[in-house]
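Written below as structure tokens is the structure these notes are about.
The values are calculated or read from the model by the stated rules, or taken from the named source; none is laboratory data. Just so you know, these numbers come straight off a predicted model, no measurement behind them. For neighbour counting, all protein chains shown are included, and Cβ atoms are generated from backbone atoms with ideal geometry for every residue, glycine included. The accessibility values were calculated without ligands, DNA or RNA, using every heavy atom of the protein model including side chains. Shrake-Rupley method; radii C 1.70, N 1.55, O 1.52, S 1.80 Å.
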Amino acid sequence: MSYLTDDARAPYRSETINDHAPGSLEAIVAANPTRRTLLRNGLFGLSMLSTTALAACGGTSGDPVVTLPPTAGPSPTPTPTPPPVSYAVTFAAVAANQNDAVTVPAGYTVDVLLKAGDSVESGAPYTGSFPTPAVAEKWAGGNHDGMEYFAFPGVDANNRGLLAINHEYPDFNILMSGSYNAATATADQKAIALSAVGISVVEIAKGSDGRWAVQSGSTYNRRYTGNSSYRVGGPAAGVVAGPVKGMLNNCASGRTPWGTYLTCEETTDNYLDPTQPANGYGWVIEIDPRRELAEPTKRTAMGRFDHENVAFLENSDRRTAFYMGDDSTPGCIYKFVPDRAYSATNRAANTDLLDTGTLYVARFNGDGTGEWRALVVGQNGLTAGASDPGNTSQSTTPPAPTTVNFNSQADVLINCKSAARVAGGTVMDRPEWITVAPDNSAVFVTLTNNSGRRVTNPMNPRTSNLHGHIIKFSEQGNSPLATSFRWEIFLLAGDPSLAAGGSNLTGNINGDTFSSPDGIAIDPQGRLWVQTDHSVPGNSGVAGRTIDQAFGHNAMFHVDQVTKLSKRFLVGPLGCEITGLTYTPDLRTFFVNIQHPTGNWPVAGQQPRSSTIVVRRTDNQPVGA
């Protein structure tokens, strides 16, 4: 969650604990309002040599004639054998820094692909002047966050495809003068602000020079904004008045096995236009970037809370579980299991798959076991007159329980945070991104931080958890249908140099240290990537030392799943968060988002703008090698 988002929505949040402990996100905002080898061709040269030798054989009698090579001439230069493709992580780690630039290892290039204010649909892009609502509606939105890359059928996805990008919050500096106040904003100001959230879908292609570009004028280029209308599907559709105007706070994202985009609303109220009913927000929205299936739909069966992203695990029978985190302080971890298998041959058959199924909340036990508790009306205490214990982690004095009536499944889904606590879900330290190992053996969750935690447990072991941690769990039998799992803490973030502030700050990272893990992804070769979002400016936990002084700017790391060796791969420019990661199938192109920079980036002399960048190796080998 961007600190800008947290600041903007604070007056409208009803379930946030008012903890203003030193170093907490709230206090900071208050003080600063502003398989290693895929292809081996070792026999290629030999096969060519054999063909050449055979071509030298001939005779009139049909008997083979052997022609000996001359004794004096030099041997012909053999055709070079293409090097094998390696995905071993061998890049030289970059140093932590506070440069106003994107820093990557030697041998890599960085190109800016899409900036806030660039044209997505046909129209004039940002050139320094504030837009009208009609113009802004066609621009790329702000605060680029989660994204996914989609292939066209029958087209080499390593050269061409569709990129769907979330926009969490407006880049107001290019939209209007002064600050935005929803209570006093004009109709045009509201429309402009709402134009800058939602998602962008753009067709992109790689040119002959290897550089990627948005294909201007493509029929697939489309903005879905806070001014657009969205269908409502699932058990709460009868209560949530649809169509809903807009989606908001599109934080991270995910995809389905049938090739649709899942964009996640990280807020349960429309703080840019509070006149809209709150129950219309806080959902997962399914969008088909190819526009072949249903129109964009808010899928209520997946629950209403501060959604971060979605990651799926599937079995050989095409049964699937979708994992989600609630980026609250604190929040729970969920999974949704559709009632039926998806179709791998008929995309249309999956149109309503996410409208029926079972939503579960995770309960972590202190002995390393865990269970999934169904959030179904009439089960696990979800009845009329239920007692919600509240966020028990934030105070040594438990809050007074509140009474909540769950009379229908719609009640459970709309009041999902409360339902999760009633059912016994474990409140965690801001669960953000989730990723699933390609072999289904593990699920990783980033717990970004929780400086207000006062009551610990084995899965959240630190009070005043300034720097966060990563948890790992494995489903029983590696099955999406499992109702139990085993878990462990994968690592504790922090830095040994902060020991003067207490052991809670040091962490146990092997290698390059970081604070506040946020984005996380395991690529198809099983390599784990972590992106950070420590607050800017922020408190390191040691007096007189900022978080940037301790860790450098927010960055992206590779973390070995066995040795847990962390290597810093990319460092962002001034004031930014590193977020969003997707890639081409050959892993030669990585797309990364730079959110809310504050300095002189990406275009010197212009307003800073959130942007999507392209990272490649100059020798056209896979990124990371």
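Summary of computed values
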read-out: Those residues of the stretch 308-339 which are within 24 Å of THR582 (Cα to Cα), in contact with an Asp or Glu (Cβ under 6 Å, 6 or more places away or on another chain) and either of a type outside the set (D, E, K, R) or surrounded by fewer than 24 Cβ atoms within 10 Å (Cβ to Cβ) (or both), in sequence order; value: THR320, GLY325
read-out: Candidate set from the stretch 166-199 (those that are crowded, with 24+ Cβ neighbours inside 10 Å and touching a Leu at 6+ places or on another chain (Cβ under 7 Å)); member that is nearest to PRO133 (Cα to Cα); value: ILE192
read-out: Check on ASN166, within 19 Å of the chain's Cα centre (by Cα) and either at pLDDT below 95 or of a type outside the set (Asp, Glu) (or both); value: yes
read-out: Of all residues in the stretch 119-163 being farther than 25 Å from PHE590 by Cβ, among the hydrophobic types (A, V, I, L, M, F, W, C) and out of contact with any Leu (no Cβ under 7 Å at 6 or more places or on another chain), the one that is modelled with the lowest pLDDT; value: ALA124
read-out: Filter pass, SER479 being open to solvent by less than 50 Å² (accessible area, probe 1.4 Å), out of contact with any Asp or Glu (no Cβ under 6 Å at 6 or more places or on another chain) and closer than 22 Å to ASN554 by Cα; value: no
read-out: Residue in the stretch 469-492 that is in a helix (DSSP H, G or I) and hydrophobic (A, V, I, L, M, F, W, C) present; value: no
read-out: Filter result (of a type in the set (Phe, Trp, Tyr) and either in a strand (DSSP E or B) or closer than 22 Å to ASN346 by Cα (or both)) within the stretch 132-170; value: TRP139, TYR149, PHE150, PHE152
read-out: Selection within the stretch 489-506 - under 20 Å from LEU565 (Cβ atoms) and surrounded by 24 or more Cβ atoms within 10 Å (Cβ to Cβ); value: ALA493, GLY494
read-out: Some residue of the stretch 361-380 being closer than 21 Å to LEU262 by Cβ, of a type in the set (A, V, I, L, M) and open to solvent by 10 Å² or more (accessible area, probe 1.4 Å); value: no
read-out: Residue, farthest from ALA88 (Cα to Cα), within the stretch 596-625, restricted to residues that are surrounded by fewer than 15 Cβ atoms within 10 Å (Cβ to Cβ) and among the hydrophobic types (A, V, I, L, M, F, W, C); value: ALA604
read-out: Residue satisfying all of: in the stretch 554-595; open to solvent by less than 10 Å² (accessible area, probe 1.4 Å) and part of a loop (DSSP other than H, G, I, E, B); nearest to ARG527 (Cα to Cα) among these; value: LEU587
read-out: ILE471 being within 16 Å of ILE333 (Cα to Cα) and surrounded by fewer than 19 Cβ atoms within 10 Å (Cβ to Cβ); value: no
read-out: Hits in the stretch 507-523 - residues which are part of a loop (DSSP other than H, G, I, E, B) and open to solvent by 30 Å² or more (accessible area, probe 1.4 Å); value: ASN508, ASP512
read-out: Criterion (under 31 Å from the mean Cα position of the chain (by Cα) and at positive phi) met by exactly one of GLY390, GLY366, GLY381, GLY385; value: GLY390
read-out: Unmet requirement for GLN98, which otherwise passes all of (1) part of a loop (DSSP other than H, G, I, E, B); (2) surrounded by 16 or more Cβ atoms within 10 Å (Cβ to Cβ); value: (2)
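Results for (1) of a type in the set (Phe, Trp, Tyr); (2) modelled with pLDDT under 95; (3) within 29 Å of ALA344 (Cα to Cα); (4) open to solvent by 20 Å² or more (accessible area, probe 1.4 Å), shown as yes or no for each residue.
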| site | (1), (2), (3), (4) |
| --- | --- |
| ARG211 | no, no, no, yes |
| ARG223 | no, no, yes, no |
| VAL232 | no, no, yes, yes |
| VAL239 | no, no, no, yes |
| ASN250 | no, no, yes, no |
| PRO257 | no, no, yes, yes |
| GLU266 | no, no, no, no |
| LEU272 | no, no, no, no |
